[in-house]
Amino acid sequence: MAQTNTTTIDSPKSSTGKIITGIIFLLGIGAFIYFDLGHYLSLDSLKANRDLLLNYTESNYALAVAVFILVYILQTTFSLPGGAILTLSGGFLFGSLMGTVFVNIGATIGATLAFLAARYLLRDWVERKFGDRLGPIQAGFAQNAFSYLMTLRLIPAFPFFLVNLVSGLTRVNVGTYILATSLGIIPGSFVFAFAGRQLGSINSLSEIASPQVLLAFTLLGLLALMPIAYRKWTHNNQADPKA
């Protein structure tokens with residue numbers, strides 16, 4: 001009997017998709033650098049243009065909302081810098097509550113696009129780039145994907161873009177990913193959106209992300225892990241008849 005060759009070869013269609021995705025990502029990053037968008041996504045620039053931005057938002061509210069969400073989607077999808085400034089801008093322009101809502105929409109859609117790109121088109125690159133960090137994260141997803149992802153979203157120590165990419169390499173379904181992401185980013189989004197209402201008194205982002213705030217997020221993240229801890233404790237007690 002002839003031996004079957006199990007080597008996997010990418011189809012031309014798959015290779016073309018990866019090339020197109022790579023080009024799109026390079027164009028997005030290139031445009032960010034070429035137009036020096038990082039200069040505009042700064043605290044100083046936001047404060048310097050506050051009156052102009054407020055007047056435009058008041059005169060063109062629906063368009064301002066659409067542009068804000070689109071920019072947030074692009075920033076999150078391409079993992080570009082400026083997420084914190086954009087969130088501040090959302091609170092400054094639209095208020096704490098609506099700013100949080102619009103940030104949540106943009107960040108969730110952008111994170112989902114990055115997740116899908118990692119799962120279907122960028123898997124090889126992500127595994128090469130972050131392979132040494134994948135093991136523990138994938139193990140956590142295997143236990144309770146929703147609780148684990150909520151924890152990763154709540155604790156600031158885990159970079160947002162890295163969670164997007166690594167999640168795409170796990171077996172978590174898209175619905176669970178979207179729900180956990182949308183809920184997990186609410187506390188942080190609200191803190192920055194609320195701070196945006198006091199834009200004039202803020203001189204540094206570190207004033208917002210104080211040790212007390214970071215500790216609160218960490219405790220919330222640990223709380224989200226409670227279902228996993230309880231399941232493990234119950235399993236151990238059932239396995240040990242003396243318990």
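Regarding the stretch 131-139, can at least one residue be identified that is part of a helix (DSSP H, G or I) and either at pLDDT 75 or above or aromatic (Phe, Trp, Tyr) (or both)? Walk me through it before giving the result.
Restricting attention to the stretch 131-139, the residues satisfying the condition of being part of a helix (DSSP H, G or I) are 131-139.
Next, from what is left, pick out any that are either at pLDDT 75 or above or aromatic (Phe, Trp, Tyr) (or both): none.
The answer is no; no qualifying residue exists.
Spot the failing condition for GLU58; the list is (1) surrounded by fewer than 17 Cβ atoms within 10 Å (Cβ to Cβ); (2) of a type outside the set (Ser, Thr, Tyr); (3) under 28 Å from TYR177 (Cα atoms); (4) at pLDDT 85 or above, and only one is missed.
Among (1) surrounded by fewer than 17 Cβ atoms within 10 Å (Cβ to Cβ); (2) of a type outside the set (Ser, Thr, Tyr); (3) under 28 Å from TYR177 (Cα atoms); (4) at pLDDT 85 or above, the lone unmet condition for GLU58 is (3).
Taking the conditions exactly as written (within 24 Å of LEU122 (Cβ to Cβ) and either surrounded by 23 or more Cβ atoms within 10 Å (Cβ to Cβ) or free of Cβ contacts under 8 Å to residues at least 24 places away in the same chain (or both)), does ARG171 satisfy them or not? Walk me through it before giving the result.
Details: within 24 Å of LEU122 (Cβ to Cβ): yes; either surrounded by 23 or more Cβ atoms within 10 Å (Cβ to Cβ) or free of Cβ contacts under 8 Å to residues at least 24 places away in the same chain (or both): no.
No, not satisfied.
Suppose we filter ARG197, ARG231 for residues that are basic (Lys, Arg) and at pLDDT below 80; which single one remains?
Exactly one of ARG197, ARG231 is basic (Lys, Arg) and at pLDDT below 80, namely ARG231.
Going through ILE73, ILE29 one at a time, which residue ends up being closer than 30 Å to TYR120 by Cα, surrounded by 12 or more Cβ atoms within 10 Å (Cβ to Cβ), of a type outside the set (Gly, Ala, Ser) and at pLDDT below 90? Lay out the reasoning, then the answer.
Working: ILE73 fails: at pLDDT below 90.
On inspection, the qualifying residue turns out to be ILE29.
Name the single residue, out of those in the stretch 153-197 being small (Gly, Ala, Ser) and outside any helix (DSSP H, G or I), that is farthest from LYS47 (Cα to Cα). Steps first, answer last, please.
Step one: list which residues in the stretch 153-197 are small (Gly, Ala, Ser), which gives 157, 167-168, 175, 180, 182, 184, 188-189, 193, 195-196.
Remaining after also requiring outside any helix (DSSP H, G or I): 157, 168.
Numbers: ALA157: 27, GLY168: 37 Å.
Out of the qualifying residues, it is GLY168.
List the pairs whose first member sits in the stretch 80-108 and is crowded, with 24+ Cβ neighbours inside 10 Å and of a type in the set (Lys, Arg), whose second member is at pLDDT 95 or above and in a helix (DSSP H, G or I), and whose Cβ atoms are under 8 Å apart, counting only residues at least 6 apart or on separate chains?
none
Hey, among LEU183, LEU165, LEU121, which residue is closer than 20 Å to THR76 by Cβ, at pLDDT 75 or above and over 15 Å from the mean Cα position of the chain (by Cα)?
Values: LEU183 fails: over 15 Å from the mean Cα position of the chain (by Cα); LEU165 fails: over 15 Å from the mean Cα position of the chain (by Cα).
On inspection, the qualifying residue turns out to be LEU121.
Considering only residues that are among the β-branched types (Val, Ile, Thr) and free of Cβ contacts under 8 Å to residues at least 60 places away in the same chain, look in the stretch 109-127 and name the one that is nearest to LEU41 (Cα to Cα). Explain how you work it out, then say what you get.
Applying the first criterion (among the β-branched types (Val, Ile, Thr)) to the stretch 109-127 yields 109, 112, 126.
Those still in the list that are free of Cβ contacts under 8 Å to residues at least 60 places away in the same chain too: 109, 126.
Values: ILE109: 20, VAL126: 27 Å.
Out of the qualifying residues, it is ILE109.
Does ARG153 count as in contact with a helix residue (DSSP H, G or I) (Cβ under 6 Å, 6 or more places away or on another chain), of a type in the set (D, E, K, R) and either without any contact (Cβ under 8 Å) to a residue 40 or more places away in the chain or surrounded by 15 or more Cβ atoms within 10 Å (Cβ to Cβ) (or both)? Give the derivation first.
Values: in contact with a helix residue (DSSP H, G or I) (Cβ under 6 Å, 6 or more places away or on another chain): yes; of a type in the set (D, E, K, R): yes; either without any contact (Cβ under 8 Å) to a residue 40 or more places away in the chain or surrounded by 15 or more Cβ atoms within 10 Å (Cβ to Cβ) (or both): yes.
Judged against the criteria, ARG153 is a match.
The values are calculated or read from the model by the stated rules, or taken from the named source; none is laboratory data. Quantities reported herein were computed from a predicted structural model and do not represent experimental measurements. Glycine also receives a Cβ, built like all others from the backbone with ideal geometry; neighbour counts cover every protein chain displayed.
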